[in-house]
Amino acid sequence: TLLPSPSRSRLRALVRKSRSVAARARGGDEAAETPTLLRAKKPIVLVLGSGWAAHALIKVIDVERYEVVLVSPRNHFMFTPMLPSTAVGTVEFRSLCEPIRVSNRFVEYVGATCEELDVERKTALCVSSVAYQGGRKPHFQINYDLVVVAVGEQSATFGVPGVAKYGFFIKEISDTIALRKRVQDCFELAALPGTPEADIRRALHFIVVGGGPTGVEFAGTLADFVRVDLRRKYPELMPFVRVTLLQSAQSILTMFDERLQRQALASFEKAGVEVRTGVRVVEVTQDQVVLPSDERLDYGVCVWSTGNASRPLVQAVAAQLPAQAEFSGGRPAATKLAVDPFLRIVGARDALALGDCAMMHGNRLPATAQVAGQQGAYAARMINRMFRLGCGGLTEPFPSRRVARARGLFASVSESVSESMDEGAAREYFRKPFEFLSLGLLAYIGNNQALTQVDPIALRLSGYFAFLVWRSVYITKQVSFRNRVLILFDWVKTRAFGRDLSSF
Ligand code: FAD
């Protein structure tokens, strides 16, 4: 069905009540009513996610040629490297975000979570991310011509009991809002008249589990908050405040050069942050973090930052594709989607995967914003170029033999892994496969000190100058002028008036 695609109500016009295949498979009358997004005039590129990869893609993709529909429960892009700063109020939450509808107003944003992706039938079953009064969340289905899976990953708990219930994560804005409130509440608890000393000590013990960049940056910023702002308002509580960083490896920030790791440890020692390496948390209870040999640490706030785990959608897609099993190392469910050097999902037709949820065969890339952003822009250029070759549509017959060979880009690769790695046709038309350009590593370690490491030019910096580099890079890397101004204002405001101590 070809529908006209004018005006702002374009998406609504494309949605029709119909019997969707996926819904019928679930059975029931309600399922039969699942609305379906029908074929538009232009090929539909369905983008799942609104993080680094998806955001970079929608900035570059040619919306004249494609009907771009972006499905994500999060209606904004978020600059994750500065998320730890928001947990203590150095920077405000909204300063890091850009609404997707502003990022590219020609992209149709749909506030939903994709629950099922049928890569064979090219349909995505989605559920609204907001509910009606009473809790009902509408389901609907979107048909696509090309899907780009960029759903990232979720925080890993490694099955440690109690973490999901009592731990605080630093993954979404909602996490840092809750964390900021809890930190402040612990000080209010400790300041209550007549609070026993043991309870004060417990409330003011902040434990950070995980010595990667996020855990370290949070521990450093929390130490700043205590030293600069809380000291003025709660001077009598200062002797009881403890910040402890627990790390299972033998050092922190292991991706950095050893000298820089030592600098970070020395800086933490100076700031009074206790670092314990080589310890693995075995349980988190309501008020204690349990270590091996039944050592128990009382805590007020436990922040869990130990890495990522795959999302259920990614596992479900990988499970549909037998070719993916080749890459999952014998595990029953792949934890990432294996992609070829052109970011095509191995074993699927017309499907790309980008960012943290993708794993490139033979070239394991770090799960970073740098990789995700570069992959998003690469994929968009690749899709744009495909159209300019005159293919007419991603699933239409190709007009000539020469162009038909370009079909290799999105062709099915399920038969064999070697076929999936056949780069010939794609290489001819898209010149080169994705190559990651590392721009270096940065980490804030508190007390206006940072670490900078740029391997290609063997640059290693630490201290205040590295902090200035850190700030300059992050301000220039903001996705809009508005974000740049907001963050600069926040820094000036924090410097002039201190961090806000109100909790909501
Ligand atoms: P994400 O940015 O995680 O985006 C995933 C998107 O998918 C989200 O919008 C989510 O809502 C959406 N989604 C999830 N499930 C579904 C679904 N079922 N259907 C539809 N949409 C869905 N990297 C660096 O390079 N430098 C740093 O300094 C740095 N610091 C970091 C600090 C923190 C606190 C964190 C959490 C990460 C940091 N990273 C950093 C890592 C970086 O943020 C990630 O590598 C990057 O976000 C990955 O981008 P992505 O697009 O793959 O996924």
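Report the residue count in the range 180-220 for those that are of a type in the set (A, V, I, L, M) and farther than 19 Å from residue 288 by Cβ.
Within the range 180-220, the first condition is being of a type in the set (A, V, I, L, M), and the residues that meet it are 183, 189-192, 198, 200, 203-204, 207-209, 216, 219.
Next cut, farther than 19 Å from residue 288 by Cβ only: 191-192, 216, 219.
The qualifying residues number 4.
May I ask you to list the residues in the range 347-363 that are modelled with pLDDT of 95 or more and either assigned to a loop (DSSP other than H, G, I, E, B) or β-branched (Val, Ile, Thr) (or both)?
Result: 354, single match.
Have a look at 133, 141 and point out the one that is more than 10 Å from the ligand (Cβ to nearest atom), of a type in the set (S, T, N, Q) and either outside the structural domain of residue 314 (by TED's automatic domain parsing) or assigned to a strand (DSSP E or B) (or both).
141
Out of the residues in the range 111-151 meeting the condition of being of a type in the set (Gly, Ala, Ser) and surrounded by fewer than 21 Cβ atoms within 10 Å (Cβ to Cβ), tell me which one is farthest from the chain's Cα centre (by Cα).
Among residues in the range 111-151 that are of a type in the set (Gly, Ala, Ser) and surrounded by fewer than 21 Cβ atoms within 10 Å (Cβ to Cβ), the one farthest from the chain's Cα centre (by Cα) is 134.
Can you say whether residue 251 is within 26 Å of the chain's Cα centre (by Cα) and either in a strand (DSSP E or B) or touching a residue at least 12 places away in the same chain (Cβ under 8 Å) (or both), as far as the supplied structure shows? It would help to see each step written out before you state the result.
On the way: within 26 Å of the chain's Cα centre (by Cα): yes; either in a strand (DSSP E or B) or touching a residue at least 12 places away in the same chain (Cβ under 8 Å) (or both): yes.
Against the criterion (within 26 Å of the chain's Cα centre (by Cα) and either in a strand (DSSP E or B) or touching a residue at least 12 places away in the same chain (Cβ under 8 Å) (or both)), residue 251 qualifies.
State yes or no: is residue 310 polar (S, T, N, Q) and at positive phi? Steps first, please.
Details: polar (S, T, N, Q): yes; at positive phi: no.
No; evaluated as a whole, the condition is false for this residue.
Please work out which residue is nearest to the ligand (Cβ to nearest atom), limiting yourself to the range 63-89 and to residues that are over 18 Å from residue 476 (Cα atoms) and hydroxyl-bearing (Ser, Thr, Tyr). If you could, list the steps in order and put the result at the bottom.
Filtering the range 63-89 for residues over 18 Å from residue 476 (Cα atoms) gives 63-76, 84, 86-89.
Pick out the ones that are also hydroxyl-bearing (Ser, Thr, Tyr) and you get 66, 72, 86.
Values: 66: 18, 72: 4, 86: 9 Å.
Per the stated criteria, the residue is 72.
For the range 464-504, how many residues meet the condition of being of a type in the set (S, T, N, Q) and under 22 Å from residue 439 (Cβ atoms)?
Total meeting the criteria: 5.
Under the condition of being in a loop (DSSP other than H, G, I, E, B) and surrounded by fewer than 24 Cβ atoms within 10 Å (Cβ to Cβ), which residue from the range 196-228 is nearest to the ligand (Cβ to nearest atom)? Talk me through it step by step, then tell me what you get.
Step one: filter the range 196-228 for residues in a loop (DSSP other than H, G, I, E, B), giving 196, 204, 210-212.
Within this subset, residues satisfying the condition of being surrounded by fewer than 24 Cβ atoms within 10 Å (Cβ to Cβ) are 196, 212.
Numbers: 196: 35, 212: 9 Å.
Looking at the filtered set, the residue picked out is 212.
Quick one: what pairs do we get from the range 70-92, first residue under 10 Å from residue 221 (Cβ atoms) and outside any strand (DSSP E or B), second near the ligand (Cβ under 8 Å from one of its atoms) and of a type in the set (Ser, Thr, Tyr), C-beta under 7 Å, 6+ apart or different chains?
Filtered contacts from the range 70-92: 84/214.
Which numbered condition in (1) in contact (Cβ under 8 Å) with a residue 60 or more places away in the chain; (2) out of contact with any strand residue (DSSP E or B) (no Cβ under 7 Å at 6 or more places or on another chain); (3) more than 16 Å from the ligand (Cβ to nearest atom) is the only one that residue 152 fails?
(3)
Could you count how many residues in the range 364-378 are near the ligand (Cβ under 8 Å from one of its atoms) and not in a helix (DSSP H, G or I)?
Here the count works out to 3.
State whether one or more residues within the range 264-285 are crowded, with 18+ Cβ neighbours inside 10 Å, in contact (Cβ under 8 Å) with a residue 60 or more places away in the chain, within 15 Å of the ligand (Cβ to nearest atom) and of a type outside the set (Phe, Trp, Tyr).
Checked the range 264-285: at least one residue is crowded, with 18+ Cβ neighbours inside 10 Å, in contact (Cβ under 8 Å) with a residue 60 or more places away in the chain, within 15 Å of the ligand (Cβ to nearest atom) and of a type outside the set (Phe, Trp, Tyr).
The rows are residues; the columns are (1) among the aromatic types (Phe, Trp, Tyr); (2) modelled with pLDDT under 95; (3) surrounded by 14 or more Cβ atoms within 10 Å (Cβ to Cβ).
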position: 393; (1), (2), (3): no, yes, yes
position: 400; (1), (2), (3): no, yes, no
position: 413; (1), (2), (3): no, yes, yes
position: 418; (1), (2), (3): no, yes, no
position: 424; (1), (2), (3): no, yes, no
position: 434; (1), (2), (3): yes, yes, yes
position: 445; (1), (2), (3): no, no, yes
position: 484; (1), (2), (3): no, no, yes
position: 492; (1), (2), (3): no, no, no
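Output the qualifying pairs, or none if there are none: Cβ atoms under 7 angstrom, residues six or more apart or on different chains, first residue in the range 482-503 and free of Cβ contacts under 8 Å to residues at least 60 places away in the same chain, second residue among the hydrophobic types (A, V, I, L, M, F, W, C) and part of a helix (DSSP H, G or I).
From the range 482-503, the pairs are 484/475; 488/475.
Could you check, for the range 104-125, whether at least one of its residues is closer than 30 Å to residue 284 by Cβ, more than 15 Å from the ligand (Cβ to nearest atom) and in the same structural domain as residue 42 (by TED's automatic domain parsing)?
Within the range 104-125, the first condition is being closer than 30 Å to residue 284 by Cβ, and the residues that meet it are 113, 115.
Then drop every residue that is not more than 15 Å from the ligand (Cβ to nearest atom), which leaves none.
No, the conditions are met nowhere in the range 104-125.
I'm told residue 494 meets every condition in (1) in a helix (DSSP H, G or I); (2) of a type in the set (Val, Ile, Thr); (3) farther than 19 Å from residue 218 by Cα except one. Can you identify the failing condition by its number?
Unmet for residue 494, out of (1) in a helix (DSSP H, G or I); (2) of a type in the set (Val, Ile, Thr); (3) farther than 19 Å from residue 218 by Cα: (3).
The values are calculated or read from the model by the stated rules, or taken from the named source; none is laboratory data. Please read all numbers here as calculations on a predicted model, not as lab measurements. Cβ atoms come from the backbone with ideal geometry, glycine included; neighbour counts cover every protein chain shown.
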